[in-house]
Amino acid sequence: MQEENTNSPRLQALAPALPVVLGYLPIGFAYGVLAINAGLTPFETIAMSIVVYAGSAQLMVVSLFAAGLNPFSIIATTFVVNLRHLLMSASLAPYMERWKKSQVAAFCYELTDESFGVHSLRFARGENAAPQSISINLTCQMAWVVGTILGALAGGLIQDVKPFALDYALPAMFIALLVLQIKNKLHLLVAAAGGLLSIGLWLGHVTQWNVILATVLAATLGAGVETWTNKQRS
Amino acid sequence: MDQQTTVLITLLGMGLVTYLPRLLPAWFLRGRELPPFLVAWLRYVPVAVLAALLLPSLLVQNGQLALHWNNLYLWAAVPAVFVAWKKKSMFLTVLVGMAVVALARLVFGL
């Protein structure tokens, strides 16, 4: 990412977090508004952004909280919705070989879809220093929590977040992260397979597991084609 | 148990079931020699998972498939993809995507 031009090296190290910050402030805000309107207290609303820190799961359980508190179903839903991070964590694992255990523990606490997208690009370029990676994550979560606090404060005043296009921050971040990942035709094929399988499974009523299943199948397709073409060449 | 305690336990439970899948693969797989196929497989996870997250976020609205002409999310994806592809900037992509949606709502009342 070349658009950031700051003179301080410390700020420059955080530059990869900037687009995520731009996205997390409005989504955090939207979550804060929805949570307050669903009847959560400001403390619970903000605590969830600190303790759980997973956008789509948080937005989803807000409606479960509103429907009446059933701790087991809320925790189970969160588990299934967030299980995809398993794959992201595994995919970044090779780059954390030399990290301290405490660094791995701190980094993984703040591993989200978007921070994963940013780090998988950085790590592939060889930029996998632990302190910088953890600082980027901290910056992202701070934006998420600040957005939540502002949303919780505004919650009583705003009913609809649509006029501000806050709801489009998430798709826009996914678009950017995906397009930046695509380097060749096989990537394009895997992306098409992943997206279509995810929608197809969703239409087939596999509404919680669709992302994980589609990811596993599409990545297998990519690795399969890659292995096969390598064999053909040798 | 009172309401406040139940909520706190729920939040902690949510935190735990979110943290463990984020931590355990990195914790156990790093520094380990993996079979070549698995290494190749892991390299396709980012593209696969981001696409699997993106398409439903564009096409599913209010719990229904929204494959129609006035799906603003789809239209806004066109300039967003273009900016991401040409400028290689996540920041600009998010900015353009949100600006297009806000503008379209203002002008067309979608």
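The values are calculated or read from the model by the stated rules, or taken from the named source; none is laboratory data. Nothing here was measured: the structure is a model prediction, and the numbers come from that model. Every residue, glycine among them, receives a Cβ derived from its backbone with ideal geometry; neighbour counts consider all protein chains shown.
Reported count of residues in region A:187-215, each being part of a helix (DSSP H, G or I) and within 16 Å of A:V81 (Cβ to Cβ), is 9. Residues in region B:30-42 that are more than 7 Å from every other protein chain (Cβ to nearest Cβ) and part of a helix (DSSP H, G or I): B:P36, B:L38, B:V39. Number of residues in region B:86-110 that are more than 7 Å from chain A (Cβ to nearest Cβ) and among the basic types (K, R): the value is 2. Of B:W75, B:W27, all but one fail to be surrounded by fewer than 18 Cβ atoms within 10 Å (Cβ to Cβ), aromatic (F, W, Y) and more than 7 Å from chain A (Cβ to nearest Cβ); the exception is B:W75. Please tell me if B:A80 is aliphatic (A, V, I, L, M), at pLDDT 95 or above and under 14 Å from A:S91 (Cβ atoms). It is false that B:A80 is aliphatic (A, V, I, L, M), at pLDDT 95 or above and under 14 Å from A:S91 (Cβ atoms). When we screen B:P36, B:P79, B:P46 for residues that are of a type outside the set (K, R), farther than 26 Å from A:S49 by Cα and under 19 Å from the mean Cα position of the chain (by Cα), the only hit is B:P79. Looking only at residues in region A:112-138 that are buried (at least 21 other Cβ atoms within 10 Å of the Cβ) and of a type in the set (S, T, Y), which one is nearest to A:R10 (Cα to Cα)? Checked region A:112-138; the qualifying residue nearest to A:R10 (Cα to Cα) is A:S133.
If you go through region A:111-139 and pick out every residue that is farther than 19 Å from A:A176 by Cβ and assigned to a loop (DSSP other than H, G, I, E, B), you end up with 3. Just to be sure before I move on: is A:P163 over 21 Å from the mean Cα position of the chain (by Cα), at negative phi, within 7 Å of chain B (Cβ to nearest Cβ) and not hydrophobic (A, V, I, L, M, F, W, C) in the structure I sent? Against the criterion (over 21 Å from the mean Cα position of the chain (by Cα), at negative phi, within 7 Å of chain B (Cβ to nearest Cβ) and not hydrophobic (A, V, I, L, M, F, W, C)), A:P163 qualifies.
From the list A:A152, A:A169, the lone residue that is at the interface with chain B (Cβ under 7 Å from one of its Cβ atoms), touching a Pro at 6+ places or on another chain (Cβ under 6 Å), in a helix (DSSP H, G or I) and buried (at least 21 other Cβ atoms within 10 Å of the Cβ) is A:A169. On the basis of being within 7 Å of chain A (Cβ to nearest Cβ), under 30 Å from A:L40 (Cβ atoms), of a type outside the set (S, T, Y) and in contact with a Phe, Trp or Tyr (Cβ under 8 Å, 6 or more places away or on another chain), does B:L12 make the cut? Criteria not met by B:L12. For region A:94-134, filtered to residues that are touching a Gly at 6+ places or on another chain (Cβ under 9 Å) and of a type in the set (D, E), the residue that is nearest to the other protein chains (Cβ to nearest Cβ) is A:E97. Residues in region A:6-38 that are more than 17 Å from B:L92 (Cα to Cα), assigned to a helix (DSSP H, G or I) and without any contact (Cβ under 8 Å) to a residue 24 or more places away in the chain: A:P9, A:R10, A:L11, A:Q12. Output yes when any residue across region B:49-69 is outside any helix (DSSP H, G or I), under 16 Å from the mean Cα position of the chain (by Cα) and within 7 Å of chain A (Cβ to nearest Cβ), and no when none is. Checked region B:49-69: at least one residue is outside any helix (DSSP H, G or I), under 16 Å from the mean Cα position of the chain (by Cα) and within 7 Å of chain A (Cβ to nearest Cβ).
Output the residues belonging to region A:73-93 that are within 7 Å of another protein chain (Cβ to nearest Cβ) and either on the phi > 0 side of the Ramachandran plot or among the aliphatic types (A, V, I, L, M) (or both). Matches in region A:73-93: A:I74, A:I75, A:L83, A:L86, A:L87, A:M88, A:A90, A:L92, A:A93.
Okay, residues lined up against (1) modelled with pLDDT of 90 or more; (2) in the same structural domain as A:A176 (by TED's automatic domain parsing); (3) more than 18 Å from A:M173 (Cβ to Cβ):
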site	(1), (2), (3)
A:E3	no, no, no
A:A15	yes, yes, no
A:V21	yes, yes, no
A:I27	no, yes, no
A:E44	yes, yes, yes
A:V61	no, yes, yes
A:A67	no, yes, yes
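Checking the stated criteria, B:S57 turns out to be outside the structural domain of B:P25 (by TED's automatic domain parsing), over 20 Å from A:L18 (Cα atoms) and of a type in the set (S, T, N, Q).
Set side by side, the residues B:W75, B:W85 differ, and just one is of a type in the set (F, W, Y) and farther than 30 Å from A:A93 by Cα, which is B:W75.
This table checks each residue for (1) modelled with pLDDT of 95 or more; (2) of a type in the set (D, E).
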position	(1), (2)
B:D2	no, yes
B:G15	yes, no
B:Y19	yes, no
B:L42	no, no
B:V49	no, no
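Among residues that are of a type in the set (S, T, N, Q), assigned to a helix (DSSP H, G or I) and without any contact (Cβ under 8 Å) to a residue 12 or more places away in the chain, A:S102 is included.
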